[in-house]
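Only one structure is covered here, and it is reproduced in the block below.
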Amino acid sequence: MKKPQLAAVILAAGSGTRMNSAIPKVMQPLAGWPMVRHVLESVKPLGPAFSIAVVGRGMEEVARVLAPLECVVQDPPLGTGDALRQVERPLASRLAPHGEIEEVLVLYGDAPLVETRSLERLLAERRRAPAAAIAVAAMRPEDPRPYGRLVLAADGSLERIVEARDADGREDAIGLVNGGVMAVAAPPLFSLLEALDRDNAKGEFYLTDIVRVARRQGLMCRALELPVAELLGVNTRAELAAAEAVMQARLRRRAMEGGATLLAPETVFLAADTVLGRDAVVEPNVVFGLGVRVGEGARIHSFSCLAGAVIGEGAKVGPFARLRGGVVLEEKAEIGNFVEVKAARIGKGAKAKHLSYLGDSEVGERANIGAGTITCNYDGFEKHKTVIGERAFIGSNTALVAPVTIGAGAYVAAGSTLTEDVAPDALAVARGRQVEKPGRAAAIRARRGRKG
Ligand code: UD1
Ligand code: MG
């Protein structure tokens with residue numbers, strides 16, 4: 001049977017008062033991505049014929065994160081039902097019976113943990129004969145208090161949703177709640193929304209009231225229970241932390257299924273897009289920011305912090321290393337303890353093993369960067385580049401004042417401050433000569449009256 005065409009709507013216009021933040025709630029990061037991006041990513045594999053988001057006034061950032069997804073603005077935000085009404089103009093003409101879209105999946109931007117497989121199950125549940133007008137994702141969380149309660153009819157179908165603030169004593173005791181995802185048959189959607197009112201504790205148009213309206217019209221509604229870990233709503237900082245924990249557990253599990261070793265998984269923090277190659281090893285207490293790809297067999301030692309880095313096969317990073325964006329470590333390169341690397345390519349087998357800063361740099365294959373080497377890439381106005389040729393040897397405690405190029409195979413004496421280029425295979429010494437005065441120390445002590 002051909003699957004009915006789908007539209008997806010993400011509601012993301014709420015102000016998120018409970019978060020007490022200067023940024024819109026759906027922009028709060030979860031594993032490095034704004035929450036709402038996770039929702040979008042879980043919807044994509046369903047291949048909706050049309051997708052749209054509802055954002056609030058001044059939420060250009062949200063629209064940017066979702067681009068090229070179309071966005072409409074809800075202003076003022078008068079509740080989730082009112083939010084969905086905002087898509088009537090772009091969507092109505094596409095809906096069956098006139099258009100090709102036969103069902104609409106409504107998701108909340110603040111329920112970011114839902115997985116594609118569960119969305120598919122929810123859609124299938126609505127279509128299951130006899131098809132229901134609405135299928136609601138349900139869950140039984142430990143603490144149902146913040147959620148809308150699902151009131152079931154004697155036959156197990158869904159009778160109505162009662163919002164937390166409007167629940168009476170009996171309804172309060174219900175453990176089955178609204179997880180915030182709804183599949184709705186397209187034809188009746190906007191007429192159901194039309195019938196909503198604001199006669200409730202919050203004075204808002206509740207999307208959840210469409211269940212009651214549908215039942216009144218003799219339409220069938222159903223609830224499908226899904227894992228709590230996929231439906232947690234994020235309204236507060238505490239809920240954000242709980243969602244992060246769930247997401248991290250999921251990302252760690254996936255990384256290990258992909259063949260990476262995490263020695264103490266619970267101490268490794270991954271980003272939504274972290275890719276760990278087979279047999280990569282991540283030691284305890286490593287934090288990944290966005291944009292990191294770790295090659296096969298590479299090892300990330302403890303207490304390292306990585307973002308925006310492509311790490312080659314068999315490379316080593318840390319302990320206590322910081323890769324801070326625009327970094328490429330080629331095969332078997334080594335970045336050791338207390339080394340910071342930014343916007344730099346470190347060639348195959350090259351090493352910077354201790355106490356260095358390499359910024360805006362190119363380091364050739366098998367070059368050796370001694371302890372304490374610093375690229376002075378910023379002159380207070382602009383950034384400049386340092387190029388180190390292959391097999392070059394940079395002595396410890398060298399300052400490379402960029403722009404500067406060290407030729408292939410050149411040696412730089414320890415403690416040099418280099419302001420000029422060094423030719424290939426040359427030795428550069430750029431420091432004061434050592435001067436020794438025999439017996440002078442003892443003479444000083446004698447003069448100052450100190451014995452021995
Ligand atoms: C909502 C549900 C509740 C459910 C819970 C699941 C309603 C009335 N209640 O409650 O049954 O258990 O989610 O997490 O729907 N939004 C808009 N415009 C608005 C208001 C909200 O776009 O005018 C967006 C928000 O950005 C958010 C989503 O809709 O992403 C849900 O709104 P929120 O205020 O968080 O509803 P909850 O109180 O969590
Ligand atoms: Mg919410």
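The values are calculated or read from the model by the stated rules, or taken from the named source; none is laboratory data. Just so we're clear, the structure is a prediction, and the values are computed from it rather than from any experiment. Every residue, glycine among them, receives a Cβ derived from its backbone with ideal geometry; neighbour counts consider all protein chains shown. The protein model used for the area step is the full one, side chains on, heavy atoms only, and it has no ligands, DNA or RNA in it. Shrake-Rupley method; radii C 1.70, N 1.55, O 1.52, S 1.80 Å.
Excluding residues on the same chain fewer than 8 positions from K44, give the lysines whose Cα lies under 21 Å from its Cα.
Straight-distance partners of K44: K2, K3.
Using modelled backbone amide H atoms (1.01 Å from N, in-plane), which distant-in-sequence or interchain residues come within less than 5 Å of K383's amide H?
none
Find how much the distance from E60 to D75 grows on full extension, using 0.36 nm per residue of separation minus their present alpha carbon separation; answer in nm with one decimal. Mind showing how you got there, number by number?
Details: separation 15, 0.36 × 15 = 5.40 nm, distance 1.33 nm.
Separation in residues times 0.36 nm, less the Cα-Cα distance, equals 4.1 nm.
Considering only protein heavy atoms and a 1.4 Å probe, what is the carbon-and-sulfur percentage of the accessible area of the chain? Before the final figure, lay out the partial values.
On the way: 10910 of 21330 Å².
The C+S portion of the solvent-accessible surface of the chain is 51 percent.
When ligands, DNA and RNA are left out and all protein chains stay put, how many square angstrom of accessible area per residue does region 260-428 have with a 1.4 Å probe? Can you show the working numbers first?
On the way: 7230 Å² over 169 residues.
Solvent-accessible surface per residue comes out at 43 Å².
With labels modelled as points extended 7 Å from the Cα through the Cβ direction, what inter-label distance (nm, one decimal) is found for D168 paired with R445?
Roughly 9.5 nm, to one decimal.
Rounded to the nearest whole Å², what accessible area per residue is found for region 5-231 with the 1.4 Å probe?
Details: 9630 Å² over 227 residues.
Roughly 42 Å² per residue, with all protein chains present.
Set the Förster radius R0 to 25 Å, insert the Cβ-Cβ distance between L290 and A22 as r into 1/(1 + (r/R0)^6), and round the FRET efficiency to 0.05.
Numbers: r = 21 Å, r/R0 = 0.85.
Computed FRET efficiency for L290 and A22 comes out at 0.75.
Out of the DSSP beta bridges found with both residues in the chain, what percent are antiparallel (nearest 5)?
Working: 18 of 100 bridges.
Among the beta bridges of the chain, antiparallel pairing accounts for roughly 20 percent.
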